[in-house]
Amino acid sequence: MAECGRKALSLLEAARSRYESLQISDDVFGESGDDSSDNPFYSTSGDSDSDNYIAEVGEEDQQHHHQKRGDKESRGGAGGGSGAGPPGSLSRSQAEEEGWTETLQDVTVPPFKETYGPAQKMPATATALDFFQLFVPDNCIQNMVTQTNMYAKKFQERFGSDEGWRPVTAQEMKAFLGFVISTSVHRCESVLSIWSSGFFSNRSIALKMSQARFEKILKYFHIVAFRPSQGSNQGLYKIQPFLDSLQQSFGCTFRPSQTQVLHEPLIDEDPVFITTCTERELRKRKKRKFSLWVRQCTSTGFICQISVHLKEGTDGLATLKNKPQLHSLVAKQLCQNISGKNTIIFTGPSITSLSLFTEFSKQDIYCCGLLSTRKSDCTGLPQNMLVCGSTPAQRGQSRVMMKGTMSLISWYNKGHFRFLTNSYSPTKQGIIIKRKSGEIPCPLAVEAFAAHLSYICKYDDKYSKYFIFHKPNKTWQQVFWLSISIAINNAYILYKMSDAYTVKRYSRAQFGERLVRELLDLDDCSPTQ
């Protein structure tokens, strides 16, 4: 038994040494648990479908998370029996004419041209509010004050005066933000629960502002009070200036690693709430009318860029009915600032396509993506690599075809998985490590995809615990509080990488509670134990 343990450990160390870029921050959120095991690799399993997403996290400890991610990102995968391939795919003769061959060659990605990490050094005395204000500075809060007061004045001119209203101040606006952000720490469904006498009441902060005053600010709260005469994103005009400022601050405060992921983070309802609420309560809750995509550093979890588009309305992307085309445009938006740096991006089936990867390669952006015949654009890919053969494959068996530096990989592990990549050599081998069934051979690209996506899934699992629970009806407000949640997570990651963390090691929950108390300007800013 001890010998088996030493062998597994040596295999893991060998895999890690092959991949210096896989040295991701262990437990970046400061909370140890079962999901921070010694094995950073996801196993790849197709138990539920022939081409499901990278599905298991070592063991069964995160099956609920991956069921959600599998449903959302890649249900159906790239399998589907024999016969004709997906639309746009090439027959064997056409593939040969287009340059696809089974003769393999080494692929080398040029060295990364950047050093990753925080762009500025924060002092050891920096507070949670200092890190938060890297993304939401005082001038941004002052703009909220100005726009809220302007909207209140306009509203009352049209609908009559409000005797209970007085102009909001910057200090009150910070406190207002603190009250709403507190719902991410205490997980109360309504922010108004703070002033109640129930389980979610919080008398320690409720005394800072009356419920009546909070509700008045909530009624008139605005980022942009007046509709602009023209703009590129009219559907989100009330939030667009804030999003632009946030995007700029993300880029100015942090330099991501070479490996990054394009995906939709899990922003669904709290799983605990979903399991306890009634069907009637679920039906009453409105579905989101927007989609959020991010470009995320796989070494730290820092979200480098976000892209929001409306599912309906005046947003230009909403008019696109072709999902691969829509997702391709989203990917180009997210990657417009990383050309020429030899970045490697990982993509799910909805983004992966030969045309997009080819276009990215011209910009020195290298790719590795999972393919699905039902969700991916398979134009230009060989049919014989996309359909299941009549002969059962053995676990760990793989086939590869190449066109130039682009590799199309078909790998079997209780189901067929297809990958498209120009960032990993098809001649190099890796392994997927499972604690129960040992190691499974695979191409190096498969190991890379599983390892990097594993960290992002762990980030999603922890991130979903700390998004703001306040649920406004208006779409622009939903986007605003979601982006504030992302900013706080990014602030915590910077805190974990700073000297301030060596002074006081706050967990993510403690960091959030400290931020709330600092926004409310409470004298005792230490989090409750």
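The values are calculated or read from the model by the stated rules, or taken from the named source; none is laboratory data. What you see is a predicted model, and the numbers here were worked out from it, not measured in a lab. Backbone-built Cβ (ideal geometry, glycine too); neighbour counts: all protein chains shown. Heads up: the accessible areas ignore ligands, DNA and RNA and are worked out on the full protein's heavy atoms, side chains in. Shrake-Rupley method; radii C 1.70, N 1.55, O 1.52, S 1.80 Å.
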**Asked** Which residues, taken from region 197-214, are surrounded by 14 or more Cβ atoms within 10 Å (Cβ to Cβ) and either at pLDDT 85 or above or among the β-branched types (V, I, T) (or both)?
**Response** I205, A206, K208, M209, Q211, R213, F214
**Message:** Can you tell me which residue is modelled with the highest pLDDT among those in region 369-397 that are small (G, A, S) and not in a strand (DSSP E or B)?
**Reply:** G380
**Fill in**
Counting only residues in region 412-459 that are of a type in the set (F, W, Y) and within 26 Å of the chain's Cα centre (by Cα), the one farthest from M385 (Cα to Cα) is identified as Y459
**Message:** Would you confirm whether or not region 471-488 contains a residue that is of a type in the set (D, E, K, R), over 20 Å from Q305 (Cβ atoms) and open to solvent by 10 Å² or more (accessible area, probe 1.4 Å)?
**Reply:** yes
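Conditions (1) closer than 19 Å to F469 by Cα; (2) in a loop (DSSP other than H, G, I, E, B); (3) modelled with pLDDT under 95; (4) open to solvent by 10 Å² or more (accessible area, probe 1.4 Å), marked per residue:
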position: T502; (1), (2), (3), (4): no, no, yes, yes
position: E513; (1), (2), (3), (4): yes, no, yes, yes
position: E518; (1), (2), (3), (4): no, no, no, yes
position: L522; (1), (2), (3), (4): no, yes, yes, yes
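Quick grid of which residues meet (1) in contact with a helix residue (DSSP H, G or I) (Cβ under 6 Å, 6 or more places away or on another chain); (2) of a type outside the set (S, T, N, Q); (3) at pLDDT below 95:
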residue	(1), (2), (3)
A451	yes, yes, yes
I456	no, yes, yes
F469	yes, yes, yes
Q529	no, no, yes
**Prompt:** Could we say that E157 is part of a loop (DSSP other than H, G, I, E, B) and open to solvent by 70 Å² or more (accessible area, probe 1.4 Å) here?
**Reply:** no
**Request:** Output the residues belonging to region 322-343 that are outside any helix (DSSP H, G or I), among the β-branched types (V, I, T) and over 17 Å from C368 (Cβ atoms).
**Result:** none
**Request:** Filter region 182-212 for residues that are assigned to a loop (DSSP other than H, G, I, E, B) and either among the hydroxyl-bearing types (S, T, Y) or closer than 21 Å to K465 by Cα (or both) and give the result.
**Result:** R187, C188, E189, S190, S196, S197, F199, F200, S201, N202, S210
**Message:** Taking the criterion of being assigned to a loop (DSSP other than H, G, I, E, B), surrounded by fewer than 21 Cβ atoms within 10 Å (Cβ to Cβ) and modelled with pLDDT of 90 or more, would at least one residue in region 344-356 satisfy it?
**Reply:** no
**Message:** Return the residues of region 240-261 that are outside any helix (DSSP H, G or I), open to solvent by 10 Å² or more (accessible area, probe 1.4 Å) and either touching a Cys at 6+ places or on another chain (Cβ under 7 Å) or among the aromatic types (F, W, Y) (or both); say none if nothing qualifies.
**Reply:** P256
**Asked** Of all residues in region 97-154, which are open to solvent by 60 Å² or more (accessible area, probe 1.4 Å), part of a loop (DSSP other than H, G, I, E, B) and within 24 Å of C297 (Cα to Cα)?
**Response** T108, P111, K113, E114, T115, Y116, Q120, K121, P123
**Message:** Which residue is nearest to M173 (Cα to Cα), if the candidates are limited to region 87-96 and must be surrounded by 10 or more Cβ atoms within 10 Å (Cβ to Cβ) and hydroxyl-bearing (S, T, Y)?
**Reply:** S89
**Request:** For region 150-167, name all the residues that are touching a helix residue (DSSP H, G or I) at 6+ places or on another chain (Cβ under 8 Å) and under 26 Å from Q240 (Cα atoms).
**Result:** Y151, A152, F155, P167
**Request:** Give the residues of region 296-335 that are open to solvent by 10 Å² or more (accessible area, probe 1.4 Å), among the polar types (S, T, N, Q) and at pLDDT 90 or above, sorted by residue number.
**Result:** Q305, S328, Q333
**Fill in**
Residues of region 215-247 being at pLDDT below 85 and over 29 Å from the mean Cα position of the chain (by Cα), in sequence order, are R227, P228, S229, Q230
**Request:** Could you check I433 against (1) open to solvent by less than 10 Å² (accessible area, probe 1.4 Å); (2) of a type in the set (A, V, I, L, M, F, W, C); (3) in contact with a strand residue (DSSP E or B) (Cβ under 7 Å, 6 or more places away or on another chain) and say which number it fails?
**Result:** (1)
**Prompt:** crowded, with 19+ Cβ neighbours inside 10 Å and at pLDDT 85 or above - does that describe any residue in region 63-86?
**Reply:** yes
**Complete:** Counting only residues that are modelled with pLDDT under 90, part of a loop (DSSP other than H, G, I, E, B) and open to solvent by 10 Å² or more (accessible area, probe 1.4 Å), region 398-430 contains a total of 1
**Prompt:** Hey, K462 hits all of (1) under 19 Å from P256 (Cα atoms); (2) open to solvent by less than 30 Å² (accessible area, probe 1.4 Å); (3) within 15 Å of the chain's Cα centre (by Cα); (4) not β-branched (V, I, T) but one; which does it fall short on?
**Reply:** (1)
